[in-house]
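Shown next, in structure tokens, is the structure this report addresses.
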Amino acid sequence: MISRRHALALGAAFAIAPQRAALAQAGKEVSISRQPGILYMPTHVIEKQKLIEKHAEKLGLPGVTTKWMSFSNGGAQQDALLSSSVDIINTGTGPLLVLWDKTRGKVKGVVASSAQPLLLISRDPRIKALKDFQDGDKIAVPTVRVSTQAILLQLAASQLYGPENWNKFDPLTVQLGHPDAFVAMKNGSHEVKNHFAAPPFQTYELKQIPEAHIVANSADIIGSPLSQGQFMTTTAFAEANPKIIQALRNAAEEAKTFIETDTAAAVEIYREVTGDKTSKEDILEVLKQPGMMEWNIYPQGTMKFADHLNRIGAIKTKATSWKDYYLPVAHDLPGS
């Protein structure tokens, strides 16, 4: 989840954080990460509509500009945050918890931005439920052991076979990015018959592969929606820039409302910012699927991840509440 290189970067990151914080407070540039994908649509709306700039000015901080930096995965974003190359990132629950733990609380969440369900899809007629997986079956996940999907499988194994067997499914996982896993599933690969997918690939698989069916849903494993994206930053930056942090929360709230009330316009923004060539109609169809319009800004399901990661030794610090790893700006919200 976090490499030795990440850990070594910490000293440099926090040594120069006050300098970057001071620049931001003076109305200069704030750098924020962006990723492609429907899960990150709120960030695309915030960028296109300059919502951080808008809300910073309302809070008495004019002249703020944002620089949006593209990243293809969560690991690259973590590197950038720890090296102080970017001020704020948006990625998954697992990376937030690991960074919070490894930095001893010097990285925390700001607000969540999405909690769409992840679906485990199979094209193997023998596999109808998680208990049907056997030795030799393969499950494609973005990263073995540490991705959200891999951790969900560990939680499911704990529920099915007892906490001591949390890693029962780990030997079955193979590392494959969602686009490649989708192609392998569609082409009838002998190796990849199962894919723990993310939107929109899970919808495409169910629609385009005749034998594809749902084996498990992340919401069923967690018992609630699970935050897939959340903004996070260093506590040094947050403490030096309270108005920026408040502006980000306000921007996330406005983006949520905009997506819910004018979904078609939000999809066009997503397509423009990311360059996704999927038709607007197809994306709108994806968003009609159950749970796909989950854009709440409060964290959901994160404590179950925190408890699991602590129990298996992936993080050393035991969280007593989600507020331990979220900044005070979010503490008035409901959360789990």
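Computed from the coordinates by the stated procedures, all read-outs in this text should not be read as laboratory data. This is a predicted model, so every value here is computed, not measured. Because the Cβ atoms are built from the backbone with ideal geometry, glycine has one as well, and the counts that use them run over all protein chains shown.
What to note about this one:
- Against the conditions (1) part of a loop (DSSP other than H, G, I, E, B); (2) over 20 Å from the mean Cα position of the chain (by Cα); (3) of a type outside the set (D, E, K, R); (4) over 16 Å from F305 (Cα atoms), N167 satisfies every one except (4).
- Every residue from region 254-274 that is touching a residue at least 24 places away in the same chain (Cβ under 8 Å) and exposed (fewer than 14 other Cβ atoms within 10 Å of the Cβ): E260, E272
- Exactly one residue out of P334, P328 is without any contact (Cβ under 8 Å) to a residue 12 or more places away in the chain and more than 18 Å from the chain's Cα centre (by Cα): that is P328.
- Looking across F237, F196, F231, F201, one residue alone is crowded, with 20+ Cβ neighbours inside 10 Å and closer than 20 Å to D137 by Cα. It is F196.
- Unmet requirement for I89, which otherwise passes all of (1) of a type outside the set (D, E); (2) touching a helix residue (DSSP H, G or I) at 6+ places or on another chain (Cβ under 9 Å); (3) farther than 16 Å from Y326 by Cα: (3)
- The single condition from (1) in a loop (DSSP other than H, G, I, E, B); (2) in contact with a strand residue (DSSP E or B) (Cβ under 7 Å, 6 or more places away or on another chain); (3) of a type outside the set (G, A, S) that F231 fails is (1).
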